[in-house]
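Below is one structure; the comments refer to it alone.
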Amino acid sequence: MSLKRTKRKDQKKVHVLEYEKQLTQLLGFNRQRKLSFFLGAGISTSCGLPDWKQLLDLLEKTLIDRGSIIKDDVADCARKCLGEEFNSIVADCLYGSEEVVINESILAIAHSGVNSIVCFNFDDLLEEAFSTELIKHDVVLNGEKFNLNNNHVTIFHPHGYLERLGTSSEFKESKIILSKSDYEQLYKDHYCLTNLIQLSILMTKTVLFVGMSMKDPNTIRLLKKAREVGVFNWHYALVRGFGKHAKDIEQETARLSDMGVIPVWYREHSDIPRIIREISLNTPLSFATKVKAVNKVLIEAIKELSGVINFSAGIGHPMDEARAYSMLKALNKHGINMEVKEVYESAHSNNWADLHAKDLAQLAGLVNDGGKVRVKLSVEYEWGNNLVKKLIDKHK
C-alpha cells in the first residue's frame, strides 16, 4: 500500500528561478526601457569607500580629535558641533582613503543602458564613471523633479550627494541623511517627494537592487505599499549565495518573495559586473574610439588654458599655476588620461616655450601620480572644474 502525501492549500511553495532565465527576463525589461537600478552601499564599499558604520567611526574620531564630547548619536552631535563644516568634514571622511577606485561594477552600470537609477549613497563615483565614459546624465537630489521619461540617464540621490571635488559653498547647500533622526525625519511622511519618486519607479518599472541587503525598513514598506494599491510588479535583487545552506537560501527567497522581489543568486562579488553586462544594451566604446574622444578633451583644455595664462612666465605666476592645477585635477577626476608626453606636445603646439611646456607636463605627472602639489592660490578651482565639465559635455 502506498501513501499519498497531500499539501495544505495554504502551504506556499517557493521556486528558485534558474539563473539564465532571470537574466533573460531582465534583459527583456531593459530592452523595453522598463528596467531601473536601486543601488546601495555595497556598490561604493567595493570601490574602497567606508560603509555607514565605518563612516560614523571616522566622524567620531574627528570629533574626539577636536575635543568634542559625544553624548548622543554621532551624526547628530557632529551636525551640532561642526555647523557649516559638517558636510565638508563628512566628505573628508568619505573620500579619505587613497585606495578609492572606480571598479568594473560601476563601469558596467554606466554602460547598461538603464536610464533611471536611484542611488542611496553620498559619493559621486557613479557620476565620475558616466563622465569618464562620456555618457550624458543628470543628477537629481531630494526635493528636485525626477523625469522618468528622460532619454538619458537620471540618477536620484534620496539621501544626499557630496562631490569628491566639491567646493565649500556646494557642501553648505547639500542636505545629507546620515543620522537615525535624519532618516526618521525624511521618511515619517509616507507621501514625501522622496518616497513618491521611489514608489513611482517601483510601480512603473522593474527594479534590480544592487549592493543592498534588502532589510531597509523604508524600502520594504514601499515594496509592500506598491502591492497594497494593486501593482504586482516583480522586482529582482542580486544576493550572494556562496556558503549558504539550501535551507537558508529557501528562507531568504521566501522572505524576498513576500515583498515581490526575486533573488538573483550569485557566487562571488566579482560576478556582479558580468551579470550587469549580460543584461546591458550598450557595448562600451572601443579603446581607440574612447581614447580619441578623451584626447580631444585634454587637447582643448590645454588650448583654453593657453588663452588665459601669461606666456612670458608659463605657469610661474601663482594665478596661472592655480588655473593649470585646477584644470589638471579636474581632468584627472573625470578619468581623462594625461600622458606627460602628450601634455608637453599639446602645450608646445599652443606656442608654449619649451621650458614652460615641460613645467606643465611635470605638473600633470604629479597629479597623475597623486603627488602633493602646493599651490599658492586655490581661488581658481572652479575655473578648471567648469572648463573640463563643459568640454566633456561637448564631446558626449
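The values are calculated or read from the model by the stated rules, or taken from the named source; none is laboratory data. Source: prediction; values computed, not measured. FYI the Cβ positions are ideal-geometry reconstructions off the backbone, even for glycines, and counts take in every protein chain you see. Note: areas computed on protein heavy atoms with side chains; ligands, DNA, RNA excluded. Shrake-Rupley method; radii C 1.70, N 1.55, O 1.52, S 1.80 Å.
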Fill in: Computed magnitude of the charge dipole of the chain (debye, nearest 20; Cβ of K, R +1, Cβ of D, E -1)
2140
Discussion item. Explain nothing, just compute: Karplus ³J(HN,Hα) = 6.51 cos²θ - 1.76 cosθ + 1.60, θ = phi - 60°, for every residue of the stretch 321-329 in order, whole Hz, x for Gly and Pro.
Written reply: 5, 5, 5, 4, 5, 5, 5, 5, 5
Fill in: At R0 = 30 Å, FRET efficiency that the Cβ-Cβ distance of Ser312 and Lys341 yields, to 0.05
0.75
Item to complete: Find which of Cys93, Asn103, Cys77 sits farthest along the positive direction of the dipole of the stretch 57-103, computed with +1 on the beta-carbon of Lys and Arg, -1 on that of Asp and Glu, about the Cα centre.
Response: Cys77
Worksheet, complete the sentence: Label model pair Tyr191, Ile249: point-to-point distance (7 angstrom along the Cα→beta-carbon line) in nm is 4.4
Worksheet, complete the sentence: Rounded to the nearest 10, the angle in degrees between the Cα long axis of helix 246-258 and the longest principal axis of the Cα atoms of the chain comes to 90
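Would you mind working out the accessible area per residue for the stretch 124-270, using a 1.4 Å probe, and quoting it in Å²? Mind showing how you got there, number by number?
Working: 6930 Å² over 147 residues.
Accessible surface, normalised per residue, equals 47 Å².
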Worksheet item: Using a Förster distance of 56 Å, how high is the FRET efficiency between Val229 and Leu366, based on the Cβ-Cβ distance and rounded to 0.05?
Response: 0.45
Practice prompt. Mind checking which of Leu202, Ser68, Ser346 is farthest towards the positive end of the chain's charge dipole, using Cβ charges of +1 (Lys, Arg) and -1 (Asp, Glu) about the Cα centre?
Written response: Leu202
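Expressed in nm to one decimal, what extension gain is obtained for the pair Ile64 and Thr24 from 0.36 nm per residue of sequence separation less their Cα-Cα distance? Numbers along the way, then the final one.
Details: separation 40, 0.36 × 40 = 14.40 nm, distance 5.18 nm.
Contour length minus the Cα-Cα distance gives 9.2 nm.
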Worksheet item: Put +1 on the Cβ of each Lys and Arg and -1 on the Cβ of each Asp and Glu in the chain; which of Ile176, Ala324, Val114 then has its Cα farthest toward the positive end of the dipole?
Response: Val114
Discussion item. Can you compute 3J(HN,Hα) from phi for each residue in the stretch 38-45, using the Karplus curve 6.51 cos²θ - 1.76 cosθ + 1.60 with θ = phi - 60°, rounded to whole Hz and x for Gly and Pro?
Written reply: 10, 10, x, 4, x, 5, 7, 5
Response to the item:
Relative to the chain, whose Cα atoms define the longest principal axis, helix 287-306 and its Cα axis are tilted in degrees, nearest 10, by 40
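Find how much the distance from Lys175 to Asp393 grows on full extension, using 0.36 nm per residue of separation minus their present alpha carbon separation; answer in nm with one decimal.
Values: separation 218, 0.36 × 218 = 78.48 nm, distance 2.64 nm.
Fully extending the segment from Lys175 to Asp393 adds 75.8 nm.
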Worksheet entry | Exposed-loop-free span, longest in the chain, where GluC sites (Glu not before Pro) count as exposed if DSSP calls them loop and at most 10 other C-beta atoms lie within 10 Å | 100-267
